[in-house]
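Asks: Can you read through this structure? Questions will come right after.
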Amino acid sequence: MSVVFDYEGIIQLIEADAFPAHVLDEWKTTLGNEQARIYARLLDVIPSETAFKDKIADASSDAWETFVNPNWPDADVIKMKQRVKLARAYNAWKTGVDNAFGEGGYFADRVMAKADKFKMARYVLSIVGCKSDPDIMWRAGTKAVKFFVGDKRILRYMDSTLDTYSGEPVMAVKAAFGKRFQALVLGRLVQGFVMAMFAHEGGLTSLRDSIISSVNSDMDDILTAALKADYAAPPTSYLHLVYTASTDTWSVKAHLETAA
């Protein structure tokens with residue numbers, strides 16, 4: 001076996017005050033402009049109390065009842081209360097929708113007022129990147145995944161302070177996975193990193209490590225199924241989220257070897 005590529009990218013967390021202003025402005029403008037369309041779509045799908053009961057109330061209650069432990073005291077009463085409350089909620093729902101999304105509604109104002117909360121997306125941008133921002137560009141998660149699909153553009157965006165690598169990207173995944181591979185893998189990496197970082201920031205170190213282990217197990221399963229026969233399956237080849245306690249550093253590691 002021989003090494004095809006080896007990559008490690010440090011995940012540098014973007015601070016709230018460094019969140020790209022143009023991304024926030026675009027989000028506010030785009031979402032605010034959607035008010036009328038959201039309103040029309042809601043009334044198209046839920047035009048009446050009958051539709052509300054069918055698509056929201058009863059659908060919610062049917063799902064809710066499967067979550068209620070049948071051995072819990074008064075389980076049937078709990079389920080009944082939820083179903084009855086929702087069945088009577090159409091008028092309140094319709095009033096809320098009209099007030100928020102109707103003409104002169106407060107939706108756009110609330111978007112502006114709560115815009116700073118969107119800066120939580122900095123956790124996602126920290127591992128994925130923002131190609132339109134010259135200070136962020138592609139980040140470790142994106143680069144690691146693109147090594148496996150032969151996207152050599154990432155070599156133009158390597159940062160000597162964050163990235164170390166040898167070899168070059170190669171299309172290592174089966175044709176059946178195609179472009180879906182990137183969405184599947186990067187989505188799971190993002191989910192895992194955000195959850196693990198939140199646990200870390202909350203002092204839940206055991207939970208953090210458990211989340212990382214779960215993510216990496218999923219990555220191994222995906223690569224085992226997705227890699228072409230020319231390449232060694234995990235654990236020899238891997239795509240992992242890593243936290244190094246001694247340096248308090250987060251990174252993504254990508255490693256690929258030939259099968260023979």
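Asks: Would you compute, from DSSP H runs of 4+ residues alone, the mean residue ellipticity of the chain at 222 nm, taking -39500 (n - 2.57) per run and dividing by the full residue count, rounded to the nearest 500?
Replies: Taking each H run of at least 4 residues, the total per residue is -15000 deg cm²/dmol.
Asks: Let me ask you something else. Tell me the net charge near Ser48. Cut-off is 10 Å between Cβ atoms, Ser48 excluded, with +1 for each Lys or Arg and -1 for each Asp or Glu.
Replies: 0
Asks: Which aspartates and glutamates does Lys117 reach when only Cα atoms under 15 Å apart count, and residues fewer than 8 places away in its own chain are ignored?
Replies: Within reach: Glu15, Asp17, Asp25, Glu26, Asp109.
Asks: Same structure, new question: Expressed as a rounded percentage, what relative contact order does the chain have, with Cα pairs under 8 Å and six or more residues apart?
Replies: Working: 338 pairs, mean separation 75.8, N = 260.
This gives 29 percent for the chain.
Asks: May I ask which of Lys119/Lys146; Lys28/Lys228; Lys55/Lys114; Lys119/Lys174; Lys94/Lys179; Lys114/Lys179 have a Cα-Cα span longer than 31 Å here? Display every interim value, and only then the final one.
Replies: Numbers: Lys119/Lys146 26 Å; Lys28/Lys228 43 Å; Lys55/Lys114 29 Å; Lys119/Lys174 37 Å; Lys94/Lys179 41 Å; Lys114/Lys179 35 Å.
Over 31 Å Cα-Cα: Lys28/Lys228; Lys119/Lys174; Lys94/Lys179; Lys114/Lys179.
Asks: Please list 3J(HN,Hα) in residue order for region 173-179, calculated via the Karplus relation 6.51 cos²θ - 1.76 cosθ + 1.60 where θ = phi - 60°; whole Hz, with x for glycine and proline.
Replies: 9, 5, 4, 4, 7, x, 5
Asks: Return, for the Cα atoms of region 22-116, the radius of gyration and Dmax in Å, separated by a comma.
Replies: Cα radius of gyration and Dmax of region 22-116 are 17.5, 53 Å respectively.
Asks: Now for a different question. What is region 22-116's relative contact order, in percent, from Cα pairs under 8 angstrom and six or more apart in sequence?
Replies: Dividing the mean separation by the residue count of region 22-116 yields 43 percent.
Asks: Based only on Cα atoms, what mean projected area does the convex hull of the chain have, in nm²? List each step's numbers first, then the result.
Replies: Details: hull surface 75.8 nm².
Taking a quarter of the hull surface, the average projection is 18.9 nm².
Asks: Sorted from fewest to most neighbouring beta carbons within 10 Å, what does the list Arg153, Arg122 look like?
Replies: If I rank by nearby Cβ atoms, fewest first, I get Arg153, Arg122.
Asks: Shifting gears a bit: Give me the net charge of Asp163's neighbourhood, meaning all other residues with Cβ under 15 Å from the Cβ of Asp163; Lys, Arg count +1, Asp, Glu -1.
Replies: Computed value for this residue: +2.
Asks: Classify region 120-260 from the C-alpha gyration tensor, please: rounded if a/c falls under 1.5, else prolate or oblate depending on whether a/b exceeds b/c.
Replies: Here region 120-260 falls in the oblate category.
Asks: Provide the per-residue ³J(HN,Hα) series for region 19-31, in order, calculated from phi with Karplus coefficients 6.51, -1.76, 1.60 and θ = phi - 60°, each as a whole number of Hz, with x at glycine and proline positions.
Replies: 4, x, 4, 5, 5, 5, 5, 5, 4, 4, 5, 4, 5
Asks: Out of residues 5 or more away from Gly129 or on other chains, whose amide H comes under 5 Å of its own, with H placed 1.01 Å from N in the peptide plane?
Replies: Under 5 Å from the amide H of Gly129: Arg139.
Asks: Packing-wise, with mean Cβ within 10 Å as the measure, how do 65-71, 39-45 rank, highest first?
Replies: 39-45, 65-71
Asks: Could you tell me how many degrees, from 0 to 90 and to the nearest 10, lie between the Cα long axis of helix 90-101 and the main elongation axis, the longest principal axis, of the Cα atoms of the chain?
Replies: The answer is roughly 60 degrees.
Asks: Using θ = phi - 60° and the Karplus relation 6.51 cos²θ - 1.76 cosθ + 1.60, list the HN-Hα couplings for region 137-143 in order, rounded to whole Hz, with x at every Gly or Pro.
Replies: Result, rounded to whole Hz: 6, 7, 10, 4, x, 5, 4.
Quick note: the coordinates plus some simple rules give every number you see, no bench work behind them. None of these values were measured; they are calculated from a predicted model. Heads up, the Cβs are rebuilt from the backbone with ideal geometry, glycines too, and the neighbour counts pull from every protein chain shown.
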